[in-house]
Amino acid sequence: MAEAGAQETDTATRTSADRIRVYLVRHGQVVGHEEGRFNGHTDVETSEQGREQLEQVARYLQEEDIHHLYCSDLKRAVAGAEIISRGRNLTPVALKELREMNLGIFDGLTFREVEERFKTIFKEWRKDFLHYRLPQGECLLDIHHRVCGALEGILKDKKGCNVAIVAHGGVNRIILSHALGMDPKNAFRLEQDYGCLNVIDYYPNWTVVKLMNRIF
């Protein structure tokens with residue numbers, strides 16, 4: 001009971017002046033999404049529906065002050081950030097560290113093509129996403145370190161600010177699992193649909209996930 005009371009007191013003393021609020025968005029639906037491709041670093045375009053998904057996110061956020069806007073440097077994330085930035089005095093900052101997981105020899109292939117061409121590698125990878133590094137690519141632990149390092153830089157000196165980030169399904173899962181104190185190997189138990197919105201509040205000694213996978 002004493003621990004619960006301490007948490008309630010801590011909640012009461014938190015203020016927006018101490019907080020960094022992050023609006024974390026996944027890019028919109030991509031061209032060829034129905035083909036079931038591994039689009040890691042493959043620079044695919046956003047579909048018409050994907051652009052509309054981000055338009056809806058932008059409308060939802062139009063009353064919110066956003067002080068900083070970051071995105072992956074891949075086209076599908078940049079397109080989403082540009083939509084959110086419209087009508088604001090903001091220029092999206094594109095970071096390669098926010099790219100989707102590098103899927104190496106799988107990148108750009110369909111699931112069926114991967115199973116046919118790299119059956120053994122695919123089987124080994126699925127056994128241990130966290131540590132198995134794909135040829136010419138990354139393992140989950142690699143992207144965890146990369147993304148969390150980028151996030152630390154994004155949050156630095158942003159106390160009292162609202163920050164928007166437009167990234168990818170894998171990247172968002174890493175950020176959310178980190179905020180929740182989860183083992184990164186469980187990150188893909190969190191759903192991230194195209195064009196979804198998450199809200200995370202970062203306080204000096206506490207992190208709260210306010211919203212997850214809100215779709216429009």
* Structure fact -> By Cβ neighbour count within 10 Å, fewest first, 173, 189 rank 189, 173
* Relative to the first principal axis of the alpha-carbon coordinates of the chain, what is the inclination of helix 48-61, with its axis defined by its Cα atoms, in degrees from 0 to 90 and to the nearest 10? -> 10
* To do: Would you mind working out the magnitude of the charge dipole of the chain relative to its Cα centre, with +1 at each Lys and Arg C-beta and -1 at each Asp and Glu C-beta, to the nearest 20 Debye?
  => 180
* Structure fact -> Given 4 °C, 1.567 mPa s and a Kirkwood radius over Cα pairs, the Stokes-Einstein diffusion coefficient of the range 96-169 in µm²/s is 92
* Asked: Which percentage, to the nearest 5, of the DSSP beta bridges contained in the chain is antiparallel?
  -> 50
* Per residue of the chain, what 222 nm ellipticity follows from adding -39500 (n - 2.57) for every DSSP H run with n ≥ 4, rounded to the nearest 500? -> -11500 deg cm²/dmol
* Structure fact -> Ranked from fewest to most other Cβ atoms within 10 Å of their own Cβ, 203, 60, 23 fall in the order 60, 203, 23
* Would you mind checking the tilt of helix 75-85 against the longest principal axis of the Cα atoms of the chain, expressed as 0 to 90 degrees and rounded to 10? => 20
* Starting from the Cα of residue 45, move 7 Å in the Cα-to-Cβ direction to define the label point; list residues of the range 52-73 whose amide nitrogen is under 15 Å from there. => 52
* Over 11 Å, how big is the tail of the calculated P(r) for the range 165-204, in percent of all Cα pairs? => 62
* To do: Run a plain Debye calculation on the chain (Cα atoms as equal point scatterers, no solvent) and give log10 I(q)/I(0) at q = 0.13, 0.14 Å⁻¹, rounded to two decimals, same order as the q list.
  => -0.75, -0.85
* Among 72-82, 140-150, 162-172, 205-215, the order from most to least packed when residues are scored by Cβ within 10 Å on average -> 162-172, 72-82, 140-150, 205-215
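No value in this document is a laboratory result; all are computed from the given coordinates. What you see is a predicted model; the values in this text were computed from it and never measured. Please note: Cβ atoms are built from the backbone with ideal geometry, for glycine as well, and neighbour counts cover all protein chains shown.
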